[in-house]
Amino acid sequence: KGAAIKPHGLVVDDGVCLANNALHDWGGFVQALQPLLCMGTMASLHRLDLSLNHLVSVGDELADACVNLVVLHLHANDIPSLEAIRKLTKLTRLHELSLHGNPLETQIPAHKHTDKGVAFGGAAAGRGQYRADVIAMLPWLRQLDFSSVSPSEREDGLRRRRENAERGPMRTGGSVASTRTMLRKARADRARR
């Protein structure tokens, strides 16, 4: 737990580490954490470490209750796909995310467009595709897997979202307009801090 003084009063910055606890599901998540937080509300939770557990998805409890989450560590769990983390799109203040060491890192097929069609790569190439897909889904991230998101990666993610929107239903969720709205909101939140 920690607190920081800002010009307009006290801002509480709660952090909880539940790493390496063999957690399998999200049942009772809010009820268990709420009494531990300084303000007794999930809205004060800014940092959460759930690494090295057995979670297979992001629960509604996390996405709906932890609206001010800035840092989330989910590495070394059992998350199988991007679809399992889609609820993170609700967390527009999320700046740092770690997902490495989950099955989703190697399950996303790597591909690149060539003049002869689409060429598929191996597992190492898939990791690059995984990173690009996560950034396209969450373009407001500043760090993914403890590595900064570069402006070119962010632009590539926004370009991929636009391309997917033109082709039909988006693989990464949401429309380009809603992505721009979310990015504007995230910038406005940072400016207020």
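The values are calculated or read from the model by the stated rules, or taken from the named source; none is laboratory data. Given the structure is predicted, the values throughout are model-derived calculations rather than measurements. Please note: Cβ atoms are built from the backbone with ideal geometry, for glycine as well, and neighbour counts cover all protein chains shown. Keep in mind that these areas ignore ligands, DNA and RNA; they rest on the heavy atoms of the full protein, side chains included. Shrake-Rupley method; radii C 1.70, N 1.55, O 1.52, S 1.80 Å.
Of the residues making up region 153-160, none is within 30 Å of D25 (Cβ to Cβ) and either open to solvent by 40 Å² or more (accessible area, probe 1.4 Å) or at pLDDT below 70 (or both). Given the condition under 18 Å from E96 (Cβ atoms), open to solvent by 70 Å² or more (accessible area, probe 1.4 Å) and at pLDDT 90 or above, answer yes or no: does some residue in region 54-66 qualify? Looking through region 54-66, none of the residues is under 18 Å from E96 (Cβ atoms), open to solvent by 70 Å² or more (accessible area, probe 1.4 Å) and at pLDDT 90 or above.
Sort out which residues of region 67-91 are open to solvent by less than 20 Å² (accessible area, probe 1.4 Å), in contact with a helix residue (DSSP H, G or I) (Cβ under 8 Å, 6 or more places away or on another chain) and closer than 23 Å to D189 by Cβ, and write them in order of number. Hits for region 67-91 are L69, L72, L74, I85, L88, L91. Would you mind stating whether E105 is touching a Lys or Arg at 6+ places or on another chain (Cβ under 9 Å) and either among the charged types (D, E, K, R) or modelled with pLDDT of 95 or more (or both)? Yes; evaluated as a whole, the condition is true for this residue. When region 23-53 is limited to residues that are open to solvent by 50 Å² or more (accessible area, probe 1.4 Å) and not in a loop (DSSP other than H, G, I, E, B), the one that is farthest from H75 (Cα to Cα) turns out to be P35.
Checking each residue in region 43-53 for being in contact with a strand residue (DSSP E or B) (Cβ under 8 Å, 6 or more places away or on another chain) and either under 24 Å from K185 (Cα atoms) or at pLDDT below 90 (or both) picks out S44, L45, H46, R47, L48. What are the residues in region 10-64 that are in contact (Cβ under 8 Å) with a residue 40 or more places away in the chain and of a type outside the set (S, T, Y), if any? G15, A19, listed by residue number.
Annotation note: Cβ proximity below 6 Å between a residue of region 98-114 that is surrounded by fewer than 19 Cβ atoms within 10 Å (Cβ to Cβ) and a residue that is assigned to a loop (DSSP other than H, G, I, E, B) and modelled with pLDDT under 55 (sequence gap 6+ or interchain) occurs for A110/G121.
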